[in-house]
Amino acid sequence: LVSGQPLIINFKFFDNLNYVKIYAKWIHQANQDTFQNAEIIIPIPLHKMRLFKRKYNQAALLAKELSKLSNLSYTPFAIKRLRHTAPQAGLSLKQREKNLKKAFKTSNKKIIENKIVILVDDVVTTGATVRSCSQEILNSGAKEVRVLSLARTVNDCEAIT
């Protein structure tokens, strides 16, 4: 751990990839129903500039492990990020949605047409990224999009049940 930071923060921001397989196993075990009848797994893509800077895509690492656990097709290039968007951290929901407008494009519609797709992200904050990406996948002919993530942030006003 980096100075006591939580595991997920270390995974997302400090290159701690030691627990990818464990995280994927937790996600898979806790979401068995999500995998039923699903056909492909797609990670939220990073723009090539951000991928070059980070050296890896945490969502892609999780998605690849989840595909192994579920025996579903891992399709990392089914959708791509067209624009190098500003980092979402610190932006309001409205700013995030504007930032992501027309940011994703399906690279090959035949891969997702009439399929139930599992979209994987590392952390869902406002949901703007997964909504934008899901909408592009649905607009390209997917039957359904299901979203999985390692973590989801909770607003102060949301009750935890």
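Just a yes or no: is a residue in the stretch 97-105 modelled with pLDDT under 75, of a type in the set (D, E) and touching a helix residue (DSSP H, G or I) at 6+ places or on another chain (Cβ under 8 Å)?
Yes; the residues of the stretch 97-105 include at least one that is modelled with pLDDT under 75, of a type in the set (D, E) and touching a helix residue (DSSP H, G or I) at 6+ places or on another chain (Cβ under 8 Å).
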Residue check, N18 against (1) at pLDDT 85 or above; (2) loosely packed, with under 15 Cβ neighbours inside 10 Å, all met but one. Which one? (1)
The condition of being at pLDDT 65 or above, surrounded by fewer than 14 Cβ atoms within 10 Å (Cβ to Cβ) and at negative phi holds, among T125, T75, T153, only for T153
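The values are calculated or read from the model by the stated rules, or taken from the named source; none is laboratory data. Please read all numbers here as calculations on a predicted model, not as lab measurements. Please note: Cβ atoms are built from the backbone with ideal geometry, for glycine as well, and neighbour counts cover all protein chains shown.
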